[in-house]
Amino acid sequence: MTPRDIVLAACLVAVAACAPTHSTRPDRAASGMAASTAAPAPASTPAAGAWAMDSRRDIVLAVANPLAPMSTHAGSNVLGYASSGHYGAGQRAAGMLAELKKHYDLQEVAGWPITALSLYCIVVKPAVGVDRDAVIAALAKDDRVQLAQPLQDYAVYTEPTPPDAHRYNDPYVDLQRGFVATDAALAHTVSRGDGVRVAVVDTGADLTHPDLQARIHDTQDDVGTDAGAFDRDAHGTEIAGVIAAVGDNHQGMVGIAPKATLSLYKACWYPPGGHDGARCNSFTLAKALAAVNDTDARIVNLSLGGPADPLLGKLLEHLLGQGRIVVAALPPNGSERGFPDSADGVIVVRAGNTTAAPPGVLSAPGNDILTTQPGGSYDFSSGSSLAAAHVSGILALLLSIEPNLDARTAHDLLLRSSKLTNGVLEVNAALAVQTLRHDHPRR
């Protein structure tokens, strides 16, 4: 280490400590008044003047401060320094500092001796409008100056304390396995999906459900056989609740994106008797996708699937080409050869489990998910349909922060921010939001 490095290190340590036993008020030092011995500050009080220092403008300046021969007779200065406006500064050092401040128009903030290096350091501010780097360069060429450098900031290496997760007043929120597992409440300290519309192509949904009606923007029935059946359809009601159920209304549950809005397209229906799952066909799905094409919905949730279809494939390709993010549920057999999961650019989601997911497929909570049901009720449901809805909700949180986020970037972000919980690697809303803000620091 060179002598200059030793000086620099000592000055930086002294800036951080900057709490000599005796201190001089900057206004007294500047006016040449004699320093008075101050009582030590309480331990909880910061070093005098430290909070007023500005690393963007301030300069650390050091001059030689050799020790004078020590006197021992009564009334002498025990430290061997002459009385001056700087505690611990010899007459020569004090004189040089006064000349330097006057010549370069500097305002002193604080000063302290570094006895081990025979230096006296001060922190100074250049005059308003004067370039700090130019002042430092000029000082560095001045023979009276031992060191001149910018005041710099440092930080301790501890992880910041995360904000407290929002506490919802909805009575079933703690029963929502997916909501809890994805740390959605923590993500909501940053985003709740404001300004994002999600198109849900599914069955109908309960439009009067107290946890849904405020979030539904518009609806379209592309089946059209029974208008009353729209509100009685279970599957679409479940998906809508996971994505955007209202929060803090003292009722039921909370959606992953409780401030997002929903456009509901009924393209699927329940066969008579209601014992089998809902069905859709090329015609109803094509009508729904064509309708989505005319909206500003950025996210399209397709918690359904079937064989590859040329017409649906073209419509899906067109939607993807418009920059929409399409989320699909992985079929129960795990095959990705049909519609919509086989299309390039579609985000495919499975219900999380301990087995490894197929390459590129996201995992999300999909087992025993509490969600909305027709008739204003709630119940548990399972399947990759619910997992896809969780991802659509998280995407709404992300798009509310970064509206220009594209499907590929969103997929990769969700994949790398996934979290291992109870042996299952699943998407995590809080980590996804944190990762996005890291990638886009001004958001």
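The values are calculated or read from the model by the stated rules, or taken from the named source; none is laboratory data. Computed from a predicted structure; not experimentally measured. Cβ coordinates were reconstructed from backbone atoms using ideal geometry, including for glycine residues, and neighbour counts include every protein chain displayed.
Report yes if some residue within segment 374-394 is assigned by TED's automatic domain parsing to the domain that holds Val200 and more than 30 Å from Gly204 (Cβ to Cβ); otherwise report no.
Pass one, segment 374-394, residues assigned by TED's automatic domain parsing to the domain that holds Val200: 374-394.
Filter once more, so that each one left must be more than 30 Å from Gly204 (Cβ to Cβ): none.
No, segment 374-394 contains no residue that is assigned by TED's automatic domain parsing to the domain that holds Val200 and more than 30 Å from Gly204 (Cβ to Cβ).
For Pro403, state whether it is within 29 Å of Leu212 (Cβ to Cβ) and not small (Gly, Ala, Ser). Please lay out each step first, then the result.
Values: within 29 Å of Leu212 (Cβ to Cβ): yes; not small (Gly, Ala, Ser): yes.
It is true that Pro403 is within 29 Å of Leu212 (Cβ to Cβ) and not small (Gly, Ala, Ser).
Would you mind stating whether Ala278 is at pLDDT below 90 and over 28 Å from the mean Cα position of the chain (by Cα)?
Numbers: at pLDDT below 90: yes; over 28 Å from the mean Cα position of the chain (by Cα): yes.
So Ala278 fits the description; yes.
State which residue is surrounded by the fewest Cβ atoms within 10 Å (Cβ to Cβ) when the search covers only segment 165-189 and only residues that are within 23 Å of the chain's Cα centre (by Cα) and in a loop (DSSP other than H, G, I, E, B).
If we take residues in segment 165-189 being within 23 Å of the chain's Cα centre (by Cα) and in a loop (DSSP other than H, G, I, E, B), then Arg167 is surrounded by the fewest Cβ atoms within 10 Å (Cβ to Cβ).
Can you list the strands (runs of 3 or more DSSP E) lying wholly within segment 337-443 that have 1 or more residues being free of Cβ contacts under 8 Å to residues at least 40 places away in the same chain?
Details: elements: 347-351, 362-364, 369-373, 377-381, 419-421, 424-426.
Hits in segment 337-443: 347-351, 377-381, 419-421.
Just one of Gly193, Gly204 is buried (at least 24 other Cβ atoms within 10 Å of the Cβ), at positive phi and touching a Lys or Arg at 6+ places or on another chain (Cβ under 6 Å); which is it? Even if it seems obvious, please write down each step before you answer.
On the way: Gly204 fails: at positive phi.
It is Gly193.
Those residues that are surrounded by fewer than 20 Cβ atoms within 10 Å (Cβ to Cβ) and among the hydroxyl-bearing types (Ser, Thr, Tyr), I need them from segment 342-390; list them, please.
Listed by number, the residues that qualify are Ser342, Thr354, Thr355, Ser377, Ser382.
Enumerate the helices (runs of 4 or more DSSP H) found wholly within segment 218-328, keeping only those where 3 or more residues are closer than 28 Å to Glu402 by Cα and of a type outside the set (S, T, N, Q).
Details: elements: 229-232, 234-244, 282-292, 310-321.
It comes to 234-244, 282-292, 310-321.
Looking only at segment 73-106, filter to residues that are modelled with pLDDT under 95 and at positive phi; which one of those is farthest from the chain's Cα centre (by Cα)?
Filtering segment 73-106 for residues that are modelled with pLDDT under 95 and at positive phi, the one farthest from the chain's Cα centre (by Cα) comes out as Gly75.
Pull up segment 208-254, narrow it to residues that are of a type in the set (Val, Ile, Thr) and modelled with pLDDT under 95, then point me to the one that is farthest from Thr284 (Cα to Cα).
In this case the residue turns out to be Thr225.
Can you find a residue that is among the β-branched types (Val, Ile, Thr), out of contact with any Cys (no Cβ under 6 Å at 6 or more places or on another chain) and modelled with pLDDT under 85 anywhere in segment 152-160? Write out each step before concluding.
Start the filter on segment 152-160 by keeping residues that are among the β-branched types (Val, Ile, Thr), which leaves 156, 158.
With out of contact with any Cys (no Cβ under 6 Å at 6 or more places or on another chain) added as a condition, the list becomes 156, 158.
If we keep only those that are modelled with pLDDT under 85 as well, we get 156, 158.
Checked segment 152-160: at least one residue is among the β-branched types (Val, Ile, Thr), out of contact with any Cys (no Cβ under 6 Å at 6 or more places or on another chain) and modelled with pLDDT under 85.
Which of (1) within 17 Å of the chain's Cα centre (by Cα); (2) crowded, with 21+ Cβ neighbours inside 10 Å is the odd one out, the single condition Pro441 does not satisfy?
Going through the list (1) within 17 Å of the chain's Cα centre (by Cα); (2) crowded, with 21+ Cβ neighbours inside 10 Å, Pro441 breaks only (2).
Just wondering, is there one or more residues in segment 136-147 that are closer than 22 Å to Ser55 by Cα and modelled with pLDDT under 90?
Yes, that holds for at least one residue.
Let's see how each residue does on (1) in contact (Cβ under 8 Å) with a residue 12 or more places away in the chain; (2) surrounded by 19 or more Cβ atoms within 10 Å (Cβ to Cβ); (3) closer than 27 Å to Leu175 by Cβ:
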| residue | (1), (2), (3) |
| --- | --- |
| Asn249 | yes, no, yes |
| Ala267 | yes, yes, no |
| Ser282 | yes, no, no |
| Ala291 | yes, no, no |
| Ala308 | yes, no, no |
